[in-house]
Amino acid sequence: MAGKTSPLMEQFGRIKRAHPDSILFFRVGDFYETFHDDAVEAARLLGITLTSRNKNDPDPIPLAGIPWHQRDVYVARLLKQGRRVAICEQLEDPAEAKGLVERGVTEVLTPGSVVADAFLVAGESNYLAAVAPSDDSMRAGIALVEASTGEFLAGEFAADEAAAELGRYVIAEYVLPAGIVLARPLEAVLFGARAVTRLPAARFEEEDALAKHFGAAAIAGAPPLAARAAAAALSYLREVQGSALAQVRRFGRLAARDHLGIDPATRRSLELFEPAPGGDPAHTLWAVLHRTCTPAGARRLRALIERPLVDPVLIERRLEAVAVLVDDPARRQTVRRLLGETYDLERLTARVASGKVNARDLVALRATLERVPALAAALGGAAAPELARLAEALDPHLELCGTLARALVDDPPVGIKDGGLIRPGYDEDLDGLRELASGGKRWLAQFEAREREASGIPSLKVGYNRVFGYYLEITRTHAAKAPAHYERRQTLTTAERYVTPELREKESQVLGAEERLRQAEHERFLELRDACAACIATLQDTAAALALLDAFAALAEVAALSGWTRPRVHGGDRLVLQGSRHPVVERLLPPGRFVPNDVELDPGRRQIVLLTGPNMAGKSTYMRQVALNVLLAQAGSFVPCASADIGVVDQLFTRVGAGDHVAGGQSTFMVEMVETANILRRATARSLVVLDEIGRGTSTYDGMSLAWAVTEELHRESGPRPRTLFATHYHELTKLAEHLPRVINRSVRVEEYGEDVIFLHEVVDGPADRSYGIHVARLAGMPEPVVARARAILALLEAERVDPLEAAPAPESAGHVADGPRPQLSLFGTDPRAEELRALLAELDVDRMSPRDALALLYEWKEGLRRV
Ligand code: ADP
Ligand code: MG
């Protein structure tokens, strides 16, 4: 019957219209139902059955429901998939409702604003990021908020810096002004976002509310765009949480210059938290470091790695703290054992502040505070100022802790309104009510026995329900024997229920006492909660100190177990690592099998190390381990090196040639060139640049020419000279060292053994003397006739060999990129030999390789064969 809607669906429609962007969980009895489009979507995202309401209608309504007690599980799944959920509850008891039960939305849950444990991952931060672009979209303010801990950070950046900053974190939800165009780099970040919420632009202008929340002094001098983003984040969280956000107390500043810059490409290629696509999650830096004892410690340690420092003084201060814990195993074990007995004080405290706390949380809070004195004692006498500062911040809250211990039972129920929370002996009034209530219970038992005897009905019993209160129940078979003064209340199929005046009178006493007891327990609980809330500031400081202590202890544990050493980080510009290892690869090999290597970079003498060696020699591993060692050191960690002397790095840039991971297509090559150009533009004298086989995504000659020109550009006379590691399979590039004084050739040693090669993984000075392409091909099982044919072709090429330096000498003094376009080297673009190689490829019929890769491989064969 089209057009006629049931009252229930009318009610649904009204509520849904107010929450168009949320999936509405509409409570009907024991279920949360979703209807219409919500149902279709929920069924798809949750894998639950899609059915329909009133199936026989010509126009049935799609319906998908979940049992009420599984709500959180399903909500968590929807949030994880970037959806928001509005919870619509029954606001009155259906048994008492006259007509349609009143309903209303009690909670809106969004991916970036939730605070309940059920929706969070214990060891991971759950960030909401608000982005406020400038009118010309060249700059942007960012505010990052973690509602479940109270962390709040804001800053203003150039658009590409903003993108890089956001790239550091996993962002659960973005908040953006509606109808705004973003600059390209930011758009790229947002493109991969899980959830994006658009807000009216006016919400970005509530700076007065911002000043009121944090205090005018706290936000004074904050960059305008940072304040806009912060205002929007605050306003949005207040709206969806419906709370004052008392857990958000500190307005922290974000500034690009305070932390080691790590662009998204570098983050990916270093596999900090996520493995390369298809890789094993155990093969990340995080998997090596993740040895914290608490979830808050894990989040803090992640943050140290997400945001390594650049100030040598601050770095050394952290290293000092870690060193104390490395050097004193007994102290470290005590600290870690005690931390292991604590709960997530950071999130507990935030829930106290937002009023979403139960008695179990307060018991956990108490248990945690009880460990604090021992933890502070364990730090006693530690020479490191940073540890002394933590010990200072650790406040055991003795009085609060004592009150909680006296007040709350050890294992209270989840509900806070049903009693059973407060220990006997804590409060006289409660004890009195308890006495009364249990006295009432005793009376009821006596009453039952008495009535049974008087009536001669053995099955007579006293019962209780919420609608009728206490009653006497007699089974139907005996109903006729009910005494005359029994007043019938309710008739069931199997029994009759009665009351008597005596029972009614007693009921008001018993029930009253129980109800008053529950009520009073709830009040006492709220007092306890308020007592905790009054200590928010010191509780948060204590929580932060515990988390950081846990992070330090984890770093110390890793260092001690893996034989890492303390690096020296300073304001100089050299970078010297001795006996350095790759933290992850080393762990994957049998003990002692990883070959340690040295590196020395120095803008004045050894600015660019050009690394050659055959495939599988260990070039990529070597370069990444240098970058990872720097990152670890600046995060405050020990490093897998015999010794490390690090002139502090401001930005890490790594670029991995497209051919190394994916079959190179034009678009990936384009990306590669865009990113390389970006490095040339942005790298400073303090940066560390790692280029791994760039130019691989295009034809050999093009690629080599580009690699050549990039090296020259990095070696420029004017402009910054970033320390650079450049791995290449283009053997020609090694000639650069003859002409560019700060380019140093190094290579990964291999030993020939008959027809085979043995990879020694040892990095030595000097260029690789051959590329061993033929050996690699042989190892790979390339058929002998193909190898023979390659030899013949190579001889042909050899006969007409061109030396790039003779063909196009490098310009005398290379200018900075910004000085204007450079003449591009194009040595081989139209070389007829390229055609010849292509013809050879056709013969090869190598179907597992892209033509480009095959060409590159062939080029390596040529190198090897040339010297055979
Ligand atoms: P390339 O980049 O030169 O092709 P990789 O760096 O990818 O080589 O290394 C290839 C493999 O060699 C790695 O997966 C690792 O197993 C091994 N390897 C690399 N470096 C070392 C080393 N220093 N000690 C031991 N094994 C190494
Ligand atoms: Mg490699």
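The values are calculated or read from the model by the stated rules, or taken from the named source; none is laboratory data. Computed from a prediction, not measured in an experiment: that's the story for all the values here. Cβ sites come from the backbone with ideal geometry, for glycine too, and all protein chains shown count toward neighbours.
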task = Could you please let me know if H478 is in contact with a Pro (Cβ under 8 Å, 6 or more places away or on another chain) and free of Cβ contacts under 8 Å to residues at least 40 places away in the same chain?
result = no
ask   = Do any residues in the stretch 606-621 that are at positive phi and in contact (Cβ under 8 Å) with a residue 24 or more places away in the chain have Cβ atoms under 7 Å from those of residues that are of a type in the set (A, V, I, L, M, F, W, C) and within 9 Å of ligand 1 (Cβ to nearest atom), where the two are at least six apart or on different chains, and which pairs are they?
value = G613/V748; M616/F759; G618/V748; G618/F759
task = Mind counting the residues in the stretch 516-538 that are within 19 Å of L408 (Cα to Cα) and either in contact (Cβ under 8 Å) with a residue 60 or more places away in the chain or of a type in the set (G, A, S) (or both)?
result = 15
task = Would you be able to tell me the number of residues in the stretch 61-104 that are in contact with a strand residue (DSSP E or B) (Cβ under 9 Å, 6 or more places away or on another chain), in contact (Cβ under 8 Å) with a residue 12 or more places away in the chain and part of a loop (DSSP other than H, G, I, E, B)?
result = 5
task = Mind listing whichever residues of the stretch 657-695 are assigned to a loop (DSSP other than H, G, I, E, B), within 15 Å of A265 (Cβ to Cβ) and either more than 16 Å from ligand 1 (Cβ to nearest atom) or at pLDDT below 65 (or both)?
result = V662, A683, S687
task = Name the one entry in R14, R27 that is in a strand (DSSP E or B), among the charged types (D, E, K, R) and at pLDDT 95 or above.
result = R27
task = Working only within the stretch 571-580, note down all residues that are within 12 Å of ligand 1 (Cβ to nearest atom) and not polar (S, T, N, Q).
result = G579
Complete set of residues in the stretch 45-60 that are among the β-branched types (V, I, T), over 28 Å from T197 (Cα atoms) and part of a loop (DSSP other than H, G, I, E, B) = T49
query = In the stretch 498-513, which residues are closer than 13 Å to G469 by Cβ and surrounded by fewer than 18 Cβ atoms within 10 Å (Cβ to Cβ)?
reply = T500, R504, E505, K506, E507, S508, Q509, L511, G512
request  = Please state which one of P583, P614, P603, P567 is crowded, with 17+ Cβ neighbours inside 10 Å, closer than 27 Å to I744 by Cα and within 11 Å of ligand 1 (Cβ to nearest atom).
outcome  = P614
ask   = Restricting attention to the stretch 582-591, which residues are away from ligand 2 (no atom under 16 Å from the Cβ), in a loop (DSSP other than H, G, I, E, B) and under 18 Å from V763 (Cβ atoms)?
value = L589
request  = Would you please list the contacts, defined by Cβ atoms under 7 Å and residues six or more apart or on different chains, that run from a residue in the stretch 324-348 that is in contact (Cβ under 8 Å) with a residue 24 or more places away in the chain to a residue that is of a type in the set (S, T, Y) and part of a helix (DSSP H, G or I)?
outcome  = T342/T368; Y343/T368; L345/T368; L345/T542
message = Among the numbered criteria (1) out of contact with any Leu (no Cβ under 8 Å at 6 or more places or on another chain); (2) modelled with pLDDT of 95 or more, which one does A172 miss?
response = (1)
task = Could you give me the residue pairs with C-beta distances under 6 Å whose first residue belongs to the stretch 756-773 and is modelled with pLDDT of 65 or more and part of a loop (DSSP other than H, G, I, E, B), whose second residue is within 12 Å of ligand 1 (Cβ to nearest atom) and basic (K, R) wherever it lies, and which are 6+ apart or on separate chains?
result = none
query = V462 is checked against (1) at pLDDT 90 or above; (2) outside any strand (DSSP E or B) and fails just one. What number does that condition carry?
reply = (2)
message = Please count how many residues of the stretch 404-451 are assigned to a helix (DSSP H, G or I), within 46 Å of the chain's Cα centre (by Cα) and hydrophobic (A, V, I, L, M, F, W, C).
response = 4
Checking A544 against (1) surrounded by fewer than 24 Cβ atoms within 10 Å (Cβ to Cβ); (2) within 16 Å of ligand 1 (Cβ to nearest atom); (3) under 25 Å from the mean Cα position of the chain (by Cα); (4) of a type in the set (A, V, I, L, M), the condition it does not meet = (2)
request  = Have a look at T349, T334 and point out the one that is outside any loop (DSSP other than H, G, I, E, B) and more than 19 Å from R300 (Cα to Cα).
outcome  = T334
inquiry  = Pairs please, first residue from the stretch 438-455 and surrounded by 16 or more Cβ atoms within 10 Å (Cβ to Cβ), second anywhere and outside any helix (DSSP H, G or I) and among the small types (G, A, S), Cβ atoms under 8 Å, 6+ apart in sequence or on different chains.
reply    = S455/A482
key: Subset of the stretch 706-747 that is assigned to a strand (DSSP E or B) and touching a helix residue (DSSP H, G or I) at 6+ places or on another chain (Cβ under 6 Å) - its residue that is farthest from V649 (Cα to Cα)   = N745
key: the stretch 617-656, residues that are away from ligand 1 (no atom under 16 Å from the Cβ) and part of a strand (DSSP E or B)   = S643, A644, D645, I646, G647, Q651, L652, F653
